[in-house]
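Inspection log for the structure reproduced underneath, given as structure tokens.
The values are calculated or read from the model by the stated rules, or taken from the named source; none is laboratory data. What you see is a predicted model; the values in this text were computed from it and never measured. Here Cβ is always computed from backbone atoms with ideal geometry, including for glycine, and neighbour counts include all displayed protein chains. Each accessible area value is taken on the protein alone, full model and side chains, heavy atoms only, with ligands, DNA and RNA left out. Shrake-Rupley method; radii C 1.70, N 1.55, O 1.52, S 1.80 Å.
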Amino acid sequence: MTILVTGATGSVGQQVVAELVKRGADVRALVRDPAKVEFPDGVAVAQGELLDVDAMRGALSGVSTLFLLNAVVADEFSQALITLNLAREAGIERVVYLSVIHSDIYVNVPHFAGKFGVERMIEQMGFNATILRPAYFINNDLTIKDVVLEHGVYPMPIGGKGLAMIDVRDIGEIAAIELIRRERASGRLPLDRINLVGPDTLTGPDIAAIWSAALGRPIAYGGDDTAGFERNLRNIMPNWMAFDMRLMAERFLTEGMLPEVGDTTRLTTLLGRPLRSYRDFAAEIASSA
């Protein structure tokens with residue numbers, strides 16, 4: 001009984017693979033170039049990508065449970081739909097899908113709307129599935145730590161509604177727990193959705209204050225300039241993706257990413273420990289700065 005992990009070389013996928021190995025699962029990792037990756041002993045590697053139908057048929061052969069994670073790319077929706085159809089063709093019924101929180105609310109944001117469409121397909125096709133809906137990844141802020149450390153500004157335009165940020169290590173562990181639960185269940189389990197959130201719902205000024213405390217000097221919040229955010233992102237990504245990220249940031253400002261009642265309790269019970277916090281993350285960065 002084999003679990004296939006797509007997106008296995010990314011920040012979440014690597015955590016999922018490692019956590020599955022810890023739990024004694026038979027793991028197969030989908031990668032584009034096996035020569036560029038190294039996994040724990042015992043992990044099988046399947047070479048391919050989600051739009052390569054022949055490669056995916058090979059990767060899915062003999063698989064009992066699928067972890068579906070696909071990156072924010074222009075054809076993300078097609079990737080997911082083709083993969084799910086191939087999974088069905090291969091006789092796979094158990095799926096854990098990494099979606100995003102508020103996919104049904106951020107309806108104008110392309111990668112959110114795409115994920116919501118995939119959720120609907122999973123329901124319509126009758127998969128035995130868990131849909132994981134993570135909020136903003138705490139670890140995304142590794143990309144802006146130099147701005148914080150060198151310029152004294154927290155630059156992400158996340159606004160004043162608050163984001164329930166979560167650490168990718170917690171996402172990986174929760175995903176592994178759900179994959180094992182689906183894999184080892186004696187019968188069919190009902191479809192489930194789980195919001196993946198952190199222990200705190202934080203605004204831009206809140207995070208600036210956390211950095212100030214961790215570094216022992218004032219860190220300012222850079223404000224809610226989503227147009228400037230898009231311009232900066234154009235230096236490191238395609239313009240369509242930068243615009244997509246701007247649209248997401250605008251919904252941060254108007255909606256936030258707020259947990260539902262009981263979310264944090266459910267996750268801490270599932271993990272058997274507290275969720276990692278943004279304060280923990282900032283303290284780790286500060287200690288190595």
For segment 149-203, the per residue accessible area (1.4 Å probe, Å²) is 35 Å²
Computed D for the chain, Stokes-Einstein, Kirkwood radius over alpha-carbon pairs, 10 °C, 1.306 mPa s, to the nearest µm² per second, is 80 µm²/s
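How much accessible area per residue does segment 226-289 have, counting only protein heavy atoms and a probe of 1.4 Å, in square angstrom?
Details: 3570 Å² over 64 residues.
Computed with neighbouring chains in place, this is 56 Å² per residue.
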In this structure, the FRET efficiency calculated for ASP33 and VAL261 from their beta-carbon separation, with R0 = 45 Å, to the nearest 0.05, is 0.50
Applying the span-like rule to the chain (DSSP H, Cα extent along axis at least 15 Å, Kyte-Doolittle mean at least 0.5) gives 11-22, 204-215
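Taking 0.36 nm per intervening residue step and subtracting the Cα-Cα distance, what contour gain separates ARG217 from VAL153 on full extension? Show your work: numbers first, answer last.
Numbers: separation 64, 0.36 × 64 = 23.04 nm, distance 1.11 nm.
Stretched out fully, the ARG217 to VAL153 stretch lengthens by 21.9 nm.
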Residues of segment 28-60 with backbone N under 15 Å of the label point set 7 Å from the Cα of LEU142 along Cα→Cβ are 38
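For Cα pairs less than 8 Å apart in space and 6+ apart in sequence, what is the mean separation divided by the residue count of segment 50-117, i.e. the relative contact order in percent? Numbers along the way, then the final one.
Values: 72 pairs, mean separation 24.0, N = 68.
Result for segment 50-117 is 35 percent.
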Rounded to the nearest 500, the 222 nm mean residue ellipticity computed for the chain from DSSP H runs (n ≥ 4, each -39500 (n - 2.57)) alone is -14000 deg cm²/dmol
Log10 I(q)/I(0) at q = 0.14, 0.16, 0.25, 0.30 Å⁻¹ for segment 103-148, from Debye over equal alpha-carbon scatterers, is -0.49, -0.59, -0.92, -1.05
With label points set 7 Å from each Cα along the Cα-to-Cβ direction at GLU93 and THR254, the distance between them in nm comes to 4.2 nm
Kirkwood Rh for segment 60-130 from C-alpha pairs, in Å, is 12.3 Å
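In percent, how large is the relative contact order of the chain, given Cα pairs closer than 8 Å and 6 or more residues apart?
Relative contact order comes out at 18 percent.
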Taking only the alpha carbons of segment 185-289, the radius of gyration and the largest Cα-Cα distance, Dmax, both in angstrom, are 17.8, 56
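Any idea what the relative contact order of segment 99-205 is, in percent, if you count C-alpha pairs under 8 Å spaced at least 6 apart? If you can, show how the numbers build up before the last one.
On the way: 134 pairs, mean separation 37.7, N = 107.
Averaging sequence separation for qualifying contacts and normalising by length gives 35 percent for segment 99-205.
If you take the beta carbon distance between VAL73 and ASP104 as r and set R0 to 25 Å, what does 1/(1 + (r/R0)^6) give as a FRET efficiency, to the nearest 0.05?
Values: r = 21 Å, r/R0 = 0.86.
Here the calculated transfer efficiency is 0.70.
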Residues of segment 13-32 with backbone N under 13 Å of the label point set 7 Å from the Cα of ARG273 along Cα→Cβ are 19
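Can you tell me the convex hull volume per residue for segment 1-142, based on C-alpha atoms, in Å³ to the nearest whole number? Don't jump to the answer; show the numbers that get you there.
On the way: hull volume 16.5 nm³, N = 142.
So the per-residue Cα hull volume is 116 Å³.
Treating only the Cβ of Lys, Arg, Asp and Glu as charged (+1, +1, -1, -1), what charge dipole size does the chain show about its Cα centre? Round to the nearest 20 debye. Intermediate results must be reported in sequence, preceding the final value.
Values: 28 positive and 36 negative charges, 96 e Å.
Taking the Cα centre of the chain as origin, the dipole is about 460 debye.
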